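Student: Provided herewith is a single structure, encoded as structure tokens, for subsequent inquiry.
The values are calculated or read from the model by the stated rules, or taken from the named source; none is laboratory data. Only a predicted model underlies this, so the values are computations on that prediction, with no experimental measurement involved. Cβ atoms come from the backbone with ideal geometry, glycine included; neighbour counts cover every protein chain shown.
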Amino acid sequence: MKLASIDVGLKRIGVAICLDGKIVLPQDAILRKNRNQASRDVKAFLEYWEIELLVVGLPKGGSSQEEMERRIRHFVSLLELDNIQVEYQDEAGSSFEAKELTQGVFRHKRDGKIDSIAAKIILERWL
């Protein structure tokens with residue numbers, strides 16, 4: 001089964017794929033200009049890789065949990081995924097863990113690498 005995960009943020013959407021059920025690979029993040037453009041880009045990404053199951057990171061805990069969960073679920077509804085199953089996974093600490101893992105590996109710019117590594121962590125947790 002071909003799997004993907006997304007880490008939905010306000011500026012970037014981290015993405016990762018798993019095509020063999022074992023190895024998760026971070027992909028280039030999707031830059032978010034607005035939610036309609038971002039949802040089209042995510043849907044095109046999922047169709048390109050023929051993804052069958054999408055794992056979406058949801059924040060658990062924290063003061064803004066309900067608001068972020070509402071925004072993320074709304075974003076997923078914009079994807080209009082007919083033939084792709086959607087699962088939600090706790091993303092708590094995934095961005096922090098991604099930063100820790102890459103400390104000293106590359107400069108932390110705002111290019112989405114951290115977001116996609118966070119998506120990789122989310123998918124690995126789900127697996």
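Student: Answer with yes or no whether E80 is loosely packed, with under 14 Cβ neighbours inside 10 Å, out of contact with any Asp or Glu (no Cβ under 6 Å at 6 or more places or on another chain) and farther than 14 Å from I121 by Cα. Walk me through it before giving the result.
Tutor: Details: loosely packed, with under 14 Cβ neighbours inside 10 Å: yes; out of contact with any Asp or Glu (no Cβ under 6 Å at 6 or more places or on another chain): yes; farther than 14 Å from I121 by Cα: yes.
In short, yes.
Student: Which one of these is exposed (fewer than 12 other Cβ atoms within 10 Å of the Cβ), closer than 20 Å to A4 by Cβ and either in contact with a strand residue (DSSP E or B) (Cβ under 9 Å, 6 or more places away or on another chain) or at pLDDT 90 or above (or both): K113, K22?
Tutor: Residue meeting the stated conditions: K22.
Student: Is it the case that some residue within segment 86-100 is farther than 16 Å from G14 by Cβ and not in a loop (DSSP other than H, G, I, E, B)?
Tutor: The initial filter retains those residues of segment 86-100 that are farther than 16 Å from G14 by Cβ, namely 86-87.
Now drop any that are not not in a loop (DSSP other than H, G, I, E, B), which leaves 86-87.
Looking through segment 86-100, at least one residue is farther than 16 Å from G14 by Cβ and not in a loop (DSSP other than H, G, I, E, B).
Student: Please go through (1) closer than 19 Å to I117 by Cα; (2) free of Cβ contacts under 8 Å to residues at least 60 places away in the same chain; (3) not hydroxyl-bearing (S, T, Y) for V55 and return the number of the only condition it doesn't satisfy.
Tutor: (2)
Student: Of the conditions (1) at negative phi; (2) modelled with pLDDT of 80 or more, E80 clears all except one; give me its number.
Tutor: Every condition holds for E80 apart from (1).
Student: Would you check if there is a residue in segment 5-22 being under 16 Å from A119 (Cα atoms), in a strand (DSSP E or B) and among the basic types (K, R)?
Tutor: Within segment 5-22, one or more residues are under 16 Å from A119 (Cα atoms), in a strand (DSSP E or B) and among the basic types (K, R).
Student: Residue by residue through segment 1-21, note down the ones that are over 15 Å from E91 (Cα atoms) and either touching a residue at least 24 places away in the same chain (Cβ under 8 Å) or among the polar types (S, T, N, Q) (or both).
Tutor: M1, K2, L3, K11, R12, I17, C18, L19, G21
Student: Same structure, new question: Starting from segment 92-112, take each residue that is of a type outside the set (S, T, Y) and list its partners that are at pLDDT below 75, counting only C-beta distances under 9 angstrom and pairs at least six apart or across chains.
Tutor: So the pair list comes out as A92/G62; K99/H108; H108/T102.
Residues checked against (1) at negative phi; (2) surrounded by fewer than 18 Cβ atoms within 10 Å (Cβ to Cβ); (3) in a strand (DSSP E or B); (4) β-branched (V, I, T):
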site: Q37; (1), (2), (3), (4): yes, yes, no, no
site: L46; (1), (2), (3), (4): yes, no, no, no
site: V56; (1), (2), (3), (4): yes, no, yes, yes
site: S63; (1), (2), (3), (4): yes, yes, no, no
site: E69; (1), (2), (3), (4): yes, yes, no, no
site: F75; (1), (2), (3), (4): yes, no, no, no
